[in-house]
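Visitor: Below you will find the structure I want to go over with you.
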Amino acid sequence: MNELNSVRFEFPSLSCNEGFARGAVACFAAQLDMTLTELGDVKTAVSEAVTNCIVHAYPDTVGPVILRLRILEGDELEIQVKDHGRGIEDVARAREPLFTTGGDDRGGMGFTIMESFTDSMRVRSRVGAGTTVTMRKRVERRRKAR
Amino acid sequence: MKLTTAQEGGKLTLSLTGELDHHEAKALVRKLEDCLEAAMPRDCVLDLGGLRFMDSSGIAVILKLHRRMNTLGGRLTVENVGQQPLRVLDASGIDRIVDISA
Ligand SMILES: Nc1ncnc2c1ncn2[C@@H]1O[C@H](COP(=O)(O)OP(=O)(O)O)[C@@H](O)[C@H]1O
Ligand SMILES: [Mg+2]
């Protein structure tokens, strides 16, 4: 898949950066002709992935979060959120709706929302090494036909 | 994130303005619980009309409020839910537990 443009941000896992990450993806995605709904979906997916780094990857420390955004040929946005935190033991289980290790502060719906708000989601993780979540969202073609 | 409250008889209305994410959620839950403690309402309305953004952190906030109202013997309804928050609530299936209206 040909890459047309890309940006990369690295920031510490501080909760005030959740809003920053949403703003950053909204700015970059302005280069694609997204509907408000698509933009809302993308911001929500990023918010979920970045929050997971802050809450789960680095529960007692502050560590780096890497947000990489790419525009791919065919009006597709790729979002990658990466951490070097504790990792996920059982990814399949973590992706299930309502599964959470966060107690009643979390709903266990993050991965479910990321998956249903994008066209694809890949999760790669190694315990003790970190987690990478890669999502792709295609912009509806019909808008280009105006 | 701003919280404003209004009380009328046994009905407490809690209105949120801004963006509700994990960063805002902790302090908000504490404030909401204080409001319920002070007002002891029969009915609680959570008005999301001013909410520009919400992610799954908001679901946990609503569920906490719902449980707290249950123990008070009252009822929670969530009103004026905008498009983006509504998509998040729909995806979570929380509408099977809590009364939600756009
Ligand atoms: N970046 C991450 N690092 C470590 N664990 C994670 C990460 N992201 C998710 N998890 C694990 O997967 C579970 C499910 O995540 P999610 O669906 O977002 O629900 P929630 O965040 O509400 O717990 C988390 O409770 C956590 O155990
Ligand atoms: Mg999560």
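Visitor: Here are A:18, A:48, A:73: which of them is of a type in the set (Asp, Glu) and more than 13 Å from chain B (Cβ to nearest Cβ)? It would help to see each step written out before you state the result.
Guide: Details: A:18 fails: more than 13 Å from chain B (Cβ to nearest Cβ); A:48 fails: more than 13 Å from chain B (Cβ to nearest Cβ).
The conditions single out A:73.
Visitor: With respect to residue A:29, is the statement that it is in contact with a helix residue (DSSP H, G or I) (Cβ under 7 Å, 6 or more places away or on another chain) and within 11 Å of another protein chain (Cβ to nearest Cβ) true? Before the answer, list the steps.
Guide: Details: in contact with a helix residue (DSSP H, G or I) (Cβ under 7 Å, 6 or more places away or on another chain): yes; within 11 Å of another protein chain (Cβ to nearest Cβ): no.
So residue A:29 does not fit the description; no.
Visitor: Say we look at the stretch A:60-100 and pick out the residues that are within 18 Å of residue A:12 (Cβ to Cβ) and open to solvent by 60 Å² or more (accessible area, probe 1.4 Å); which of these is nearest to ligand 1 (Cβ to nearest atom)?
Guide: A:86
Visitor: Name the one entry in A:68, A:95 that is within 17 Å of the chain's Cα centre (by Cα) and away from ligand 2 (no atom under 14 Å from the Cβ).
Guide: A:68
Visitor: Taking the stretch A:105-123 on its own, how many of its residues are free of Cβ contacts under 8 Å to residues at least 24 places away in the same chain and among the basic types (Lys, Arg)?
Guide: So the answer is 1.
Visitor: Name the residue that is surrounded by the fewest Cβ atoms within 10 Å (Cβ to Cβ), counting only residues in the stretch A:102-140 that are within 14 Å of another protein chain (Cβ to nearest Cβ), more than 10 Å from ligand 2 (Cβ to nearest atom) and among the polar types (S, T, N, Q).
Guide: A:116
Visitor: Let me ask you something else. Condition first: at the interface with another protein chain (Cβ under 9 Å from one of its Cβ atoms), free of Cβ contacts under 8 Å to residues at least 12 places away in the same chain and either among the β-branched types (Val, Ile, Thr) or at positive phi (or both). Now tell me which residues in the stretch B:52-102 satisfy that.
Guide: Selection gives B:93 alone.
Visitor: Follow-up. Say we look at the stretch A:30-59 and pick out the residues that are within 13 Å of the chain's Cα centre (by Cα) and touching a residue at least 60 places away in the same chain (Cβ under 8 Å); which of these is nearest to residue A:12 (Cα to Cα)?
Guide: Result: A:53.
Visitor: Within the stretch B:7-102, which helices (runs of 4 or more DSSP H) (wholly inside it) include 2 or more residues that are open to solvent by 30 Å² or more (accessible area, probe 1.4 Å) and among the acidic types (Asp, Glu)?
Guide: B:22-39
Visitor: Given the options B:3, B:12, B:16, B:32, name the one that is under 26 Å from residue B:84 (Cβ atoms), at pLDDT 95 or above and within 14 Å of chain A (Cβ to nearest Cβ).
Guide: B:32
The values are calculated or read from the model by the stated rules, or taken from the named source; none is laboratory data. Everything numeric here is computed off the predicted structure, so don't read it as measured data. Neighbour counts are summed over all protein chains in view; Cβ atoms, including those assigned to glycine, are modelled from backbone coordinates with ideal geometry. Just the protein is used for accessible areas: all its heavy atoms, side chains included, with ligands, DNA and RNA removed. Shrake-Rupley method; radii C 1.70, N 1.55, O 1.52, S 1.80 Å.
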